[in-house]
Amino acid sequence: MNFVKPLFCFFLIFSSFRVLAQSTLTIRDTSGPAISRNIYGHFSEDLGRCIYDGFWTGDHIRMDVVEALRKIRVPVLRWPGGCFADQYHWRDAIGPRQQRKVTVNTTWGMVSDDNSFGTHEFLQLCELLGCQPYIAGNVGTGTPEEMENWLEYLNFGGKSTLADLRRQNGHDLPWNVSFWGVGNESWGCGGSMSPDFYAGQYNRYSEFCKNYPGSPLKLIASGANGDDYDWTETVMKNIDKGRTWGLSMHYYTIAGSWQHKGAATAFGEDDYFKALSACLRMDEIVRKHSAIMDKYDPRKRVALVVDEWGIWTDAEPGTNPAFLYQQNSLRDALIAATTLNIFNNHADRIRMANLAQTVNVLQALVLTNKDKMLLTPTYYTFDLYKVFQDARSLAIQVQSPDYTYGSGKIPAVNVSAARDSSGTVHVALVNLDPLKAIKVRTGMGSIPFRTVQGQVLTSAKFNDYNSFEQPDRVKPVAFSGAKKEGSDLVVDLPPSSVVVLDLKN
Ligand code: AHR
């Protein structure tokens, strides 16, 4: 009778303590490359309800959306596309709004576009967000002259007919736009070009992208579709690298096929596992493109710019499929965190990335419904990760248990770490396993720390999401599962979770 009670207590402690797997991590005190803040960039296309209805109401910018995005310190915003960029003619969308051309968005649903949101409105949005604009110029249906004129309109501070037209339209000073894309997906919707042909076009168009006084351009060449390494090889070989700041690359995470991508929230572990496996491919794809770039640019002067990424699911039932409106679950927050860890760990080559697409389209941060707005789980990943902007990356080594599903397996844990300018060390850890908590024992090498605190983003189910009825279902809370043991950091990661820790000395 005497030993029944202790046995029962032991059982209680054991069953409530769900740590079932162990992982080891080493963080070394090496001063790695700075993680450019622009890795935390976003992409907003004139597509569906991203601009119209998302950012723009018809005559003003939505300040609730702006305020939410200011909180996560959006550093750079790419616009007007995407595929739309290569059908966009900037003159259609300047001047008095009632006199602007009404065009058809032939790429995204054949809907009329009143062009009430154009160059001035986009640049005002960037000013309100406090971010850099990144404009994708039209190579597919534009001309070098049109591109040259747009740049003069934007960036020339002296006297010219186009600079005066800008002044007449309400903007006296040049905007000094610097990030400039020369086309988008030129292998597909941007003109179905071969890499050879595109390289020639890039050299031709970029010749007319002038650096107006005080406005040096950072030109970004249109890059590969996922693992199309031949594109990177040919383009890197043939473009004028002297006038190239970056080469782009697009990779979307898809659980199913292009025809049936999978549901955004009504999915089970099968799609969960497939999506996470697809997301982890980003690491291999980045490594292989970087290795090709190293051949032609060993000093890493040209940045790899992942200017479209994120999970792409089937559109929400009952919405226009061409508008790419999808909900966003905890799974997508894990995908964002895992991808940002990959980018942080490749900060030597990746110097910009842009999640597709900010509001109401694909892996959005914000969803709107008339005058209501909600923040998605992905928004909260970016909120947690904002501490990595411009921090110096630290070298890490992870030994992770596998997350197995059926006959497949992927590493359950992924991590990145960096030190910011105040000396605080930030560690981001993701546990992809939906069933197992994982104890991560971290050797901190010669990195001293006295305190550790952080936040965790998780939920009861991996497909939990924030709805207009329940907008706060998935959001970060204070994390109590990290402690210092000797000189080690020990972290108990809950299943399907993102944890970001601050270590101070
Ligand atoms: O983000 C949606 C589309 O995906 C973009 O317009 C295009 O660049 C890509 O194929």
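The values are calculated or read from the model by the stated rules, or taken from the named source; none is laboratory data. Fair warning: this is a prediction, and the values are worked out from it, not measured in the lab. Neighbour counts are summed over all protein chains in view; Cβ atoms, including those assigned to glycine, are modelled from backbone coordinates with ideal geometry. Just the protein is used for accessible areas: all its heavy atoms, side chains included, with ligands, DNA and RNA removed. Shrake-Rupley method; radii C 1.70, N 1.55, O 1.52, S 1.80 Å.
In nm, to one decimal, how far is the modelled label at ASP488 from the one at LYS159, with both set 7 Å along Cα→Cβ?
Result: 7.4 nm between the two label points.
Do you know the relative contact order of the chain, to the nearest whole percent, from alpha carbon pairs under 8 angstrom that are 6+ apart? Can you show the working numbers first?
Values: 1153 pairs, mean separation 96.1, N = 505.
With pairs under 8 Å counted, the relative contact order is 19 percent.
How would you classify the chain from its alpha-carbon gyration tensor, with a ≥ b ≥ c the square roots of the eigenvalues: rounded for a/c under 1.5, else prolate if a/b is greater than b/c, otherwise oblate?
It comes out prolate by the Cα gyration axes.
Report ³J(HN,Hα) in whole Hz for each residue of the stretch 302-307, in order, from the Karplus equation J = 6.51 cos²θ - 1.76 cosθ + 1.60 where θ = phi - 60°; Gly and Pro get x.
Once rounded to whole Hz, the list reads 8, 7, 8, 10, 8, 8.
Applying the Karplus parametrisation 6.51 cos²θ - 1.76 cosθ + 1.60 with θ = phi - 60° to the phi angles of the stretch 314-325, what ³J(HN,Hα) value in whole Hz is obtained for each residue in order, glycine and proline being reported as x?
5, 5, 4, x, x, 10, 5, x, 6, 8, 6, 8
Suppose R0 equals 45 Å; then what is the FRET efficiency for ASP59 and ASP240 from their Cβ-Cβ distance, rounded to the nearest 0.05? Spell out each step's value before the answer.
Working: r = 42 Å, r/R0 = 0.94.
E between ASP59 and ASP240, to the nearest 0.05, is 0.60.
Take the alpha-carbon centre of the stretch 456-475, take the same for the stretch 174-224, and report the distance between them in whole Å.
Taking the Cα centre of each part, the stretch 456-475 and the stretch 174-224 sit 40 Å apart.
Report the FRET efficiency, 1/(1 + (r/R0)^6), for LYS71 and ALA460, where r is their Cβ-Cβ distance and R0 is 22 Å, rounded to 0.05.
On the way: r = 26 Å, r/R0 = 1.17.
After rounding, the FRET efficiency stands at 0.30.
How big is the gap, in Å, between the Cα center of the stretch 256-335 and the Cα center of the stretch 419-450?
So the separation of the two Cα centres works out to 25 Å.
Indicate, rounded to the nearest 5 percent, the antiparallel portion of the DSSP beta bridges found entirely in the stretch 36-389.
Working: 9 of 43 bridges.
In the stretch 36-389, approximately 20 percent of DSSP beta bridges are antiparallel ones.
Mind checking the full-extension length gain between LYS210 and ASP196? Use 0.36 nm per residue of separation minus the Cα-Cα distance, one decimal, nm.
Numbers: separation 14, 0.36 × 14 = 5.04 nm, distance 2.35 nm.
Additional length available on full extension: 2.7 nm.
What does a probe at SER31 reach in the stretch 421-439, counting residues whose amide N is under 18 Å from the point 7 Å along Cα→Cβ?
Residues 421-426 qualify, since their backbone N sits under 18 Å from the label point.
Roughly speaking, what is the stretch gain from THR143 to LYS295, that is 0.36 nm per residue apart minus the C-alpha to C-alpha distance, in nm to one decimal? Before the final figure, lay out the partial values.
Values: separation 152, 0.36 × 152 = 54.72 nm, distance 3.15 nm.
Length gained, THR143 through LYS295: 51.6 nm.
For PHE479, list long-range residues whose amide hydrogen, built 1.01 Å from N in the peptide plane, is under 5 Å from its own amide hydrogen.
Here the answer is GLY454, GLN455, VAL456, since their amide H atoms fall under 5 Å of that of PHE479.
Which Cα, out of THR103, GLY158, VAL139, lies furthest along the positive dipole direction of the stretch 94-163 (beta carbon charges, K/R +1, D/E -1)?
Result: THR103.
Just name one of PRO174, SER416, GLY41: the one whose Cα is farthest towards the positive end of the charge dipole of the chain (beta-carbon charges, Lys/Arg +1, Asp/Glu -1).
Farthest along the dipole direction, towards plus: SER416.
Could you order THR24, THR339 by accessible surface area, starting with the largest, using a probe radius of 1.4 Å?
Details: THR24 65, THR339 5 Å².
Correct descending sequence by accessible area is THR24, THR339.
Top to bottom by accessible area (1.4 Å), largest first, where do HIS346, HIS171 land?
On the way: HIS346 20, HIS171 45 Å².
If we order HIS346, HIS171 from most to least accessible, we get HIS171, HIS346.
In what sequence, largest accessible area first, do LYS274, LYS370, LYS101 appear using a 1.4 Å probe?
Working: LYS274 90, LYS370 170, LYS101 120 Å².
Accessible-area ranking of LYS274, LYS370, LYS101, largest first: LYS370, LYS101, LYS274.
Using the heavy atoms of the protein chains alone and a 1.4 angstrom probe, what is the accessible area of the chain per residue in square angstrom? Don't skip to the end; give the middle numbers.
Working: 20470 Å² over 505 residues.
Normalised by residue count, the accessible surface of the chain is 41 Å².
May I ask for the distance between the Cα centers of the stretch 38-81 and the stretch 121-160, given as a whole number of Å?
If you average the Cα positions of each part, the centres end up 17 Å apart.
Taking the Cα centre of the stretch 328-423 as origin, work out the dipole magnitude from +1 charges on Lys and Arg Cβ and -1 charges on Asp and Glu Cβ, in debye rounded to 20. All intermediate terms of the calculation are to be shown ahead of the outcome.
Working: 9 positive and 7 negative charges, 16 e Å.
So the dipole magnitude of the stretch 328-423 works out to roughly 80 debye.
For ARG450 paired with THR319, estimate the spin-label separation in nm (one decimal), with each label point 7 Å from Cα along the Cα-to-Cβ line.
4.9
If the only charges are +1 at each Lys and Arg Cβ and -1 at each Asp and Glu Cβ, what is the size of the charge dipole of the stretch 36-389 around the Cα centre, to the nearest 20 debye?
Numbers: 35 positive and 41 negative charges, 199 e Å.
For this selection, approximately 960 debye.
For the pair THR103 and ASP172, what calculated FRET efficiency results from E = 1/(1 + (r/R0)^6), where r is the Cβ-Cβ distance and R0 = 41 Å, to the nearest 0.05?
On the way: r = 28 Å, r/R0 = 0.68.
Calculated transfer efficiency: 0.90.
When all protein chains stay in place, what accessible area (Å², nearest 10, 1.4 Å probe) is found for SER194?
Result for SER194: roughly 60 Å² accessible.
Once phi is turned into θ = phi - 60°, what whole-Hz ³J(HN,Hα) does the Karplus curve with 6.51, -1.76 and 1.60 give for every residue of the stretch 218-232, x standing for Gly and Pro?
Residue by residue, the stretch 218-232 yields 10, 7, 10, 7, 5, x, 6, 8, x, 8, 7, 6, 4, 4, 5 Hz.
Residues of the stretch 416-455 with amide nitrogen under 12 Å from the 7 Å Cα-to-Cβ point of ALA478?
Hits in the stretch 416-455 for ALA478 at 12 Å: 453-455.
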